[in-house]
1. What order do you get for Ser138, Ser127 when you list them from fewest to most C-beta neighbours inside 10 Å?
2. Taking the beta-carbon count within 10 Å as an exposure proxy, list Leu248, Leu27 from fewest neighbours to most.
3. Three principal axis extents, largest first, for the C-alpha atoms of segment 193-264, in Å?
4. For segment 81-130, what does the alpha-carbon gyration tensor say about shape, rounded, prolate or oblate, given a ≥ b ≥ c as the root eigenvalues, a/c under 1.5 as rounded, and a/b over b/c as prolate?
5. Chymotrypsin sites (Phe, Trp or Tyr not before Pro) within segment 119-176: which are DSSP loop residues with at most 13 other Cβ atoms inside 10 Å?
6. Can you tell me which of 219-225, 1-7, 300-306 comes out highest on packing, and rank the rest after it, using the mean Cβ neighbours within 10 Å?
7. Using the Kirkwood formula on the Cα atoms of the chain, what hydrodynamic radius do you get, in angstrom to one decimal?
8. Roughly how tilted is helix 196-205, in degrees to the nearest 10 and between 0 and 90, from the longest Cα axis of the chain?
Amino acid sequence: MLSIADKNVLVTGGAGFIGSHLCDELLDREAAKVVCVDNFFLGKQENIEQAVQHENFVLYRDDARHFGVMQSIMEREKIDVVFNMATIALNYSFFNPFDAYMVNVEIANTLLELLKVGAYKTLIHTSSSEAYGTAKYSPMNENHPTDPTTPYAAGKAAADMMVHSFSKVLDLDISIVRPFNNYGPRQNAEGPLAGIIPATAKRIKNGGKPMVQGDGEQTRDFIYVKDTVRGLMLAYEKEESRGQIINLGSGKDMSMNTLLQGISDYMGYTGEWEHQPERTSDVRNLCADIKKAKELLGFEPLVDFESGIKETLDWYKDNCVI
Ligand SMILES: NC(=O)c1ccc[n+]([C@@H]2O[C@H](COP(=O)([O-])OP(=O)(O)OC[C@H]3O[C@@H](n4cnc5c(N)ncnc54)[C@H](O)[C@@H]3O)[C@@H](O)[C@H]2O)c1
């Protein structure tokens, strides 16, 4: 089993939701250097407030798509490992489908070219359950067909195919993790790219109604962000994961109605809900089969939804987001 201690690690999208938790974890585990490359499209300085205090943390406000930029950062910082976390959230597909797609493909392309020429040694690439599209069977294992329904998801699926095939043909040191729906502190709460949990809590707090799209019986597999970060770390540490695609989820699904009810109950909201038409191209059901993660990584989700949602909403309250 490898150790991240003493490694120089680069995190693309490290000022975002999951990436910032990953940076904190890498620093806690004594990585020699944690280099965050984020263009702050959705990243936030407050997400990395804790990390910037650390002497081993280095921040570049840059675009991870650009080969020259990434090459010079890797040379200067002598990078060993890259965690690719940068993306633009799914809802961006409805405003700018081309960029929503291309950002995923272009960053993967740059990272692969740099891995091929030996600019660093190991790539842990982050996919998304959205690459599968709606469940054709459930729970969904890694052999489930990919049938993306949005440009974001198509970009994730295309990047996965590129990364996976390169890892085989060129024998590169790559693992691909495929997280399901993450929730937890620091998920974006603002504007049209907000996560459903902070967006709903904010509406209730501001005197609005929880908003349900369609019949609310769409299901998702919610995983607490710190469980995902543990899974990402295990993907690096356990070399058995090289050349593999591995789901990271809770293994349980939950309907949007149940989720909104849980948030309403926790916030003491008993009023009506606002009903909107179903979102175009919405995935109907997602639920992870996490057998492979258990077998290859020894991964188990440790935070149940009841504790996770409480911690999340308390964090939003304490940080004046709601
Ligand atoms: N949040 C989820 O539920 C979820 C589920 C499955 C997979 N994922 C994947 O996990 C990863 C992290 O997601 P997240 O929820 O933290 O998203 P996020 O939007 O919070 O973070 C992404 C970060 O990438 C940055 N970024 C965007 N374009 C960039 C570029 N060209 N160069 C450098 N930085 C750039 C953004 O500024 C942001 O800080 C993504 O790959 C995402 O597809 C997330």
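None of the figures in this text is laboratory data; all of them are computed from the coordinates on show. Source: prediction; values computed, not measured. So basically every Cβ, Gly included, is an ideal-geometry build from the backbone, and we count neighbours across all protein chains shown.
1. Ser138, Ser127
2. Least to most surrounded, the residues fall as Leu27, Leu248.
3. Extents along the principal axes, in whole Å: 50, 23, 20.
4. It comes out prolate by the Cα gyration axes.
5. Tyr137
6. 219-225, 300-306, 1-7
7. 19.8 Å
8. It is inclined by approximately 40 degrees.
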